[in-house]
Amino acid sequence: MADRAGDPKLELVTRHVRAFPDFPTEGIVFRDICPILKSPAALTAVIDLFEEHVRQSYPQVDLVVGLDARGFLFGPLLAQRLGVGFVLIRKKGKLPGPTISVGYTLEYGTAEVEVQADSLSPRQKVLLIDDLLATGGTLFAACELMRKQQVDVLGCLVVIELEDLRGTDKLKPHKVFSLLRY
């Protein structure tokens, strides 16, 4: 994110992220976004900040694509503001009808994400959105899913980026916009 030190909206969002040390395991600091969702002002600030970035950076967006499940919280609100549609990327087996899927590796195994086959058209310009970027595995899989659909990923939007895990490296050449970095 561009230097926005002193931005009241960003400060409001920052105040609404709780840290839980040693969760889910010792040595991990879990960043909880639930207080953002509980506060209409903080949630509005998140969407305002995303909207400002998108309007400054991307003159044409066709769809916002949200990742299961927390991308579903922020994505539809942003899509509505931008006047575009919203598409779901879900865990395998959760969407009806024909789907396209991509498998990926997690630190503890493998998983698959999928999208309905008719939800995207080649050459559409999309933004991917999620709450958190850690190692980048899920967002990378989402980018691969978009590539399979011949869709142009303009960038990835996240509320929180855990910089030490270097998820942005995995997503190159895709741009990542993070509201908060820890």
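On inspection, R81 fails the criterion of being out of contact with any Ser or Thr (no Cβ under 6 Å at 6 or more places or on another chain) and either on the phi > 0 side of the Ramachandran plot or surrounded by fewer than 14 Cβ atoms within 10 Å (Cβ to Cβ) (or both).
Can you work out which of the residues in the stretch 8-32 that are of a type in the set (D, E, K, R) and in contact (Cβ under 8 Å) with a residue 40 or more places away in the chain is farthest from L179 (Cα to Cα)?
Taking the stretch 8-32 as the starting set, the residues that turn out to be of a type in the set (D, E, K, R) are 9, 11, 15, 18, 22, 26, 31-32.
From what is left, the residues that are in contact (Cβ under 8 Å) with a residue 40 or more places away in the chain are 9, 31.
On the way: K9: 10, R31: 13 Å.
Step by step, filter the stretch 8-32, then rank; the result is R31.
Assess whether V151 counts as being among the β-branched types (V, I, T) and closer than 30 Å to V13 by Cα. No; evaluated as a whole, the condition is false for this residue. Beta carbons closer than 8 Å, at least 6 apart along the sequence or on distinct chains, pair a first residue in the stretch 96-125 that is touching a residue at least 60 places away in the same chain (Cβ under 8 Å) with a second that is charged (D, E, K, R) and surrounded by 10 or more Cβ atoms within 10 Å (Cβ to Cβ) for Q124/D62; Q124/D152; K125/D62; K125/D152.
Contact map, the stretch 67-90: first residue touching a residue at least 40 places away in the same chain (Cβ under 8 Å), second residue in a strand (DSSP E or B) and of a type in the set (K, R), Cβ cut-off under 6 Å, separation 6 or more or different chains; pairs are D68/R90; D68/K91. Of the residues making up the stretch 7-26, those that are more than 20 Å from the chain's Cα centre (by Cα) and not in a helix (DSSP H, G or I) are D7, F20, P21, D22, F23, P24, T25, E26. I need the full set of residues from the stretch 87-111 which are closer than 30 Å to T25 by Cβ, buried (at least 18 other Cβ atoms within 10 Å of the Cβ) and among the aliphatic types (A, V, I, L, M), in order please. Result: L88, I89, V102. Counting only strands (runs of 3 or more DSSP E) wholly contained in the stretch 108-173, the ones carrying 1 or more residues that are farther than 19 Å from H53 by Cβ, at pLDDT 95 or above and not β-branched (V, I, T) occupy 109-116.
The values are calculated or read from the model by the stated rules, or taken from the named source; none is laboratory data. All figures in this text were calculated on a predicted structure; none of them were measured in a lab. Cβ sites come from the backbone with ideal geometry, for glycine too, and all protein chains shown count toward neighbours.
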